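Input: a single structure, listed below in structure tokens.
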Amino acid sequence: MLAIESLHVRVEDKEILKGISLNVGAGEVHAIMGPNGSGKSTLAHVLAGRDGYTVTSGMATYNHANLLAMPPEERAREGVFLAFQYPVEIPGVSNIYLLKTAVNAIRKHRALEELDAMDFIGLVKSKMKLVDMDEQFLYRAVNEGFSGGEKKRNEILQMAVLEPRLAILDETDSGLDIDALRVVSDGVNALRSKDRSFILVTHYQRLLDYIKPDFVHVLAGGRIVKSGDASLALELEDRGYGWLEQHAGAAS
Amino acid sequence: MSASSREIEKLIGQGYKQGFVTDLEADTFPPGLNEDVIRALSAKKNEPGFLLEWRLKAYRHWLSMKSPQWAFVHFPPIDYQEISYYSAPKDKRGGPKSLDEVDPQLIETYKKLGIPLAEQEKLAGVAVDAVFDSVSVATTFKGKLAEAGVIFCPISEAVQCHPDLVQQYLGSVVPYADNFFAALNSAVFSDGSFVYIPKGVRCPMELSTYFRINAANTGQFERTLIIAEEKSSVSYLEGCTAPMRDENQLHAAVVELIALDDARIKYSTVQNWYPGDENGVGGIYNFVTKRGDCRGVNSKISWTQVETGSAITWKYPSCVLTGDNSVGEFYSVAVTNHFQQADTGTKMIHIGKNTRSTIVSKGISAGRAHNTYRGLVKVLKNAENARNHTQCDSLLVGDKCGAHTFPYMEVKQPSARVEHEASTSKISEDQLFFCQQRGISAEDAVSMIVNGFCKEVFKELPMEFAVEAQALLGISLEGSVG
Ligand SMILES: Nc1ncnc2c1ncn2[C@@H]1O[C@H](COP(=O)(O)OP(=O)(O)O)[C@@H](O)[C@H]1O
Ligand SMILES: [Mg+2]
């Protein structure tokens with residue numbers, strides 16, 4: 001599904017990612033953990049095609065295509081979805097209008113017919129149940145006046161409606177209380193399938209109590225310093241990141 | 001520059017699609033302005049004496065006035081002696097009596113602009129008066145309107161056929177001494193539309209005037225006068241374009257609306273004069289005085305404008321709420337891009353009791369453009385229980401443009417309630433990336449955000465014009481994202 005090879009990324013003059021390699025197979029769930037400032041969001045943004053990052057070397061292949069050469073909207077249309085750490089507000093544009101425009105842009109790209117209003121509403125309502133959202137949120141402006149938890153749930157709703165093949169969740173768990181965390185996790189679990197892959201970026205082990213990953217990677221100082229299975233997350237909870245960061249320091 | 005700002009610039013940079021010139025033989029006055037020019041103009045139009053006198057009074061007053069300096073717009077002084085004050089397509093047949101007699105080249109011009117005048121393809125349900133430079137060249141659906149008793153004709157014709165109405169109402173809302181450009185217009189106005197809706201009549205169709213500036217070095221000074229008698233109603237639309245030229249051209253119009261008891265006038269404008277090129281060369285100077293008088297009790301005047309064109313726009317459609325319980329509304333979208341400047345807004349003058357006004361202004365700036373909202377809400381001593389609500393929002397696209405808001409309030413009646421809300425927002429790279437990440441292109445994202453921003457105003461426009469306005473907004477913001 002996704003193969004990242006020795007990826008080096010700069011922001012302005014600073015090297016942030018210093019050689020990331022990662023393989024994500026179809027249906028797999030990978031957790032990427034690490035201390036603040038280690039480059040987790042940078043990796044997520046580069047994969048989604050955000051401006052302002054320079055890839056100095058390395059590559060990323062997505063379904064056999066050069067991911068880094070595609071404009072961001074094409075990546076999205078090809079099934080790459082990013083749930084943002086800080087979802088933006090778009091005053092004046094209703095949630096439902098954004099969703100409909102997005103769904104139809106993606107369907108058009110895939111040579112499918114645009115959904116009419118009835119079919120679309122049906123689709124959205126069924127997905128709203130997944131994240132326990134009230135219908136009124138559809139008619140409010142995108143994220144405007146939403147609480148932190150509502151914004152994150154809204155991201156998961158968009159993911160559910162757009163049905164991506166590769167979903168990258170950037171700290172979707174942070175700032176959520178335990179009930180919201182459960183709702184979000186249930187939503188993600190419901191979307192797990194053999195041909196949909198996830199990259200869960202998180203700072204805390206807590207999320208992984210709810211969503212069981214197949215692999216856990218620790219990102220520190222712009223490198224993956226350790227990879228393992230779900231048990232690595234528990235070890236991190238006991239020992240913190242300190243021992244791994246020293247490890248990273250020694251390696252550079 | 002980031003990819004998204006590049007795209008913004010690209011979006012903004014798209015061409016003006018109405019910029020062609022029609023090559024016609026024209027009857028044009030040499031440049032220059034003096035009393036003889038005004039006499040010649042008046043004679044050309046075979047005007048009654050009262051009108052010539054009025055023009056001359058306006059001219060003499062204008063000579064004593066100075067071009068206003070207070071607006072937030074900048075332009076070199078205009079040399080009024082370099083402008084020609086009359087240009088009309090040369091009439092080989094002594095004036096068009098019916099559409100069959102209109103020069104086919106003119107019909108073709110309007111067709112290119114999307115305004116079919118020919119009988120068989122007229123816009124369904126909309127009567128059109130087409131003004132080409134200084135004269136009205138065609139008015140459609142005259143017969144059908146006459147059956148209802150509605151008068152819809154060029155003002156030059158109204159002067160001939162209904163001089164009493166013209167004499168009674170002309171200048172009664174905007175006196176010639178009102179301001180510099182109104183005085184100039186009163187002295188030299190060439191043509192425009194005249195509408196009279198008799199008592200109790202609901203005008204059976206939308207009325208519309210389409211203004212086209214074609215000739216070079218001419219000014220367009222049209223004058224529109226709309227009178228709605230007791231219990232009548234009318235919806236009127238105005239559209240405008242001009243060829244692309246490097247020189248600036250002056251457009252100084254006056255529009256007067258009079259609503260008597262229980263009458264309603266809805267006046268919508270889609271203004272798309274040539275805005276100048278991306279370096280700020282050329283374009284129309286649009287200095288317009290538009291004012292409606294809610295003279296009767298329970299009357300209502302509503303202005304809706306979508307302003308995307310002109311190099312400089314200076315325009316404040318206003319309502320004088322004279323009658324008790326009268327209502328004034330102003331809904332505006334003003335878009336400026338590249339080097340365009342717009343200083344626009346409204347005045348709501350509350351005179352009668354229980355008068356209400358609503359102002360919704362949406363300003364969008366992109367490129368290096370400046371967009372100013374200037375509004376006055378004035379409540380006079382006797383206007384008990386007057387109410388105003390003003391909402392004034394600005395949207396910035398990119399970071400080189402500006403938005404300015406100047407709300408003025410003068411309240412002399414303690415029971416009045418005047419509310420003002422304002423906001424400024426920006427289309428950020430974060431918003432654009434977010435939309436792109438959901439599969440939506442940057443262009444579509446900008447137009448989605450802008451349309452969302454303007455929704456409250458667009459819903460006030462008659463249907464087909466709402467569609468046109470949305471499309472126009474898309475065109476004028478093309479090249480604005482990256
Ligand atoms: N736009 C930027 N300009 C400069 N430095 C940045 C920018 N974005 C991120 N960084 C830096 O890159 C590093 C990694 O940031 P980030 O990827 O957000 O980390 P994480 O998500 O792991 O907390 C930090 O040191 C941060 O300060
Ligand atoms: Mg982060």
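Of all residues in the stretch A:41-61 being farther than 19 Å from A:D170 by Cβ and of a type outside the set (S, T, N, Q), which is nearest to ligand 2 (Cβ to nearest atom)?
Of the residues in the stretch A:41-61, the ones farther than 19 Å from A:D170 by Cβ are A:54, A:56-59, A:61.
Now restrict to residues that are of a type outside the set (S, T, N, Q): A:58-59.
Details: A:G58: 20, A:M59: 23 Å.
By that ranking, first place goes to A:G58.
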Inset, instruction - Output the number of the condition that A:D229 fails; it satisfies all remaining conditions of (1) under 21 Å from A:A26 (Cα atoms); (2) under 16 Å from the mean Cα position of the chain (by Cα). - result: (2)
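In contact with a Pro (Cβ under 9 Å, 6 or more places away or on another chain) and either away from chain A (no Cβ under 14 Å) or surrounded by fewer than 19 Cβ atoms within 10 Å (Cβ to Cβ) (or both): which single residue out of B:L380, B:L376 fits that description? Before the answer, list the steps.
Working: B:L380 fails: in contact with a Pro (Cβ under 9 Å, 6 or more places away or on another chain).
When all the criteria are applied, what remains is B:L376.
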Inset, instruction - Tell me, please, whether a residue that is among the hydroxyl-bearing types (S, T, Y), touching a strand residue (DSSP E or B) at 6+ places or on another chain (Cβ under 6 Å) and either under 19 Å from A:F81 (Cβ atoms) or within 16 Å of ligand 1 (Cβ to nearest atom) (or both) can be found in the stretch A:113-132. - result: no
Legend entry - Members of the stretch A:25-41 found to be in contact (Cβ under 8 Å) with a residue 12 or more places away in the chain and either near ligand 1 (Cβ under 9 Å from one of its atoms) or closer than 12 Å to A:V225 by Cβ (or both), listed by number: A:I32, A:M33, A:G34, A:P35, A:N36, A:S38, A:G39, A:K40, A:S41
Inset, instruction - Collect the residues in the stretch B:353-366 that are buried (at least 24 other Cβ atoms within 10 Å of the Cβ) and not basic (K, R), keeping them in residue-number order. - result: B:T355, B:S357, B:I359, B:S361, B:G363, B:I364, B:S365, B:A366
Inset, instruction - Kindly provide the set of residues from the stretch A:197-214 that are among the hydrophobic types (A, V, I, L, M, F, W, C) and either within 16 Å of ligand 2 (Cβ to nearest atom) or assigned to a loop (DSSP other than H, G, I, E, B) (or both), ordered by number. - result: A:I199, A:L200, A:V201, A:L207, A:I211
Inset, instruction - Just need a number here: residues in the stretch B:405-462 that are over 24 Å from A:V142 (Cβ atoms) and at the interface with another protein chain (Cβ under 9 Å from one of its Cβ atoms). - result: 0
Inset, instruction - For A:E114, state whether it is outside any helix (DSSP H, G or I) and away from ligand 2 (no atom under 15 Å from the Cβ). - result: yes
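Look at the stretch B:339-353 and say how many of its residues are hydrophobic (A, V, I, L, M, F, W, C) and closer than 18 Å to B:K400 by Cα.
So the count comes out to 2.
Please list, ordered by residue number, the strands (runs of 3 or more DSSP E) wholly in the stretch A:3-106 having 1 or more residues that are buried (at least 22 other Cβ atoms within 10 Å of the Cβ) and more than 14 Å from chain B (Cβ to nearest Cβ).
A:14-24, A:29-33
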Inset, instruction - Look through A:L244, A:L200, A:L191, A:L207 and report the one residue that is surrounded by 16 or more Cβ atoms within 10 Å (Cβ to Cβ), more than 16 Å from ligand 1 (Cβ to nearest atom) and either closer than 27 Å to A:L7 by Cβ or at pLDDT 90 or above (or both). - result: A:L191
Inset, instruction - Starting from the stretch A:215-235, keep only residues that are in contact (Cβ under 8 Å) with a residue 40 or more places away in the chain and part of a strand (DSSP E or B), then list their pairs with residues that are more than 16 Å from ligand 1 (Cβ to nearest atom) and hydroxyl-bearing (S, T, Y) whose Cβ atoms are within a distance under 9 Å, requiring at least 6 positions of separation or different chains. - result: A:F215/A:S227; A:V216/A:S227; A:V216/A:S231; A:H217/A:S227; A:V218/A:S227; A:I224/A:S21
Legend entry - Scope the stretch B:263-306; condition at pLDDT 90 or above and among the β-branched types (V, I, T); matching residues: B:I265, B:T289, B:V297, B:I301, B:T304
Inset, instruction - Find the residue count for the stretch A:157-182, including only residues that are more than 12 Å from chain B (Cβ to nearest Cβ) and within 16 Å of ligand 1 (Cβ to nearest atom). - result: 6
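Just to be sure, is B:S394 at pLDDT below 95, assigned to a helix (DSSP H, G or I) and either buried (at least 17 other Cβ atoms within 10 Å of the Cβ) or within 14 Å of another protein chain (Cβ to nearest Cβ) (or both)?
In short, no.
The values are calculated or read from the model by the stated rules, or taken from the named source; none is laboratory data. Remember, predicted model here, so these are calculated numbers, not experimental data. As a convention, Cβ positions derive from the backbone with ideal geometry for all residues, glycine included, and neighbour counts pool all protein chains shown.
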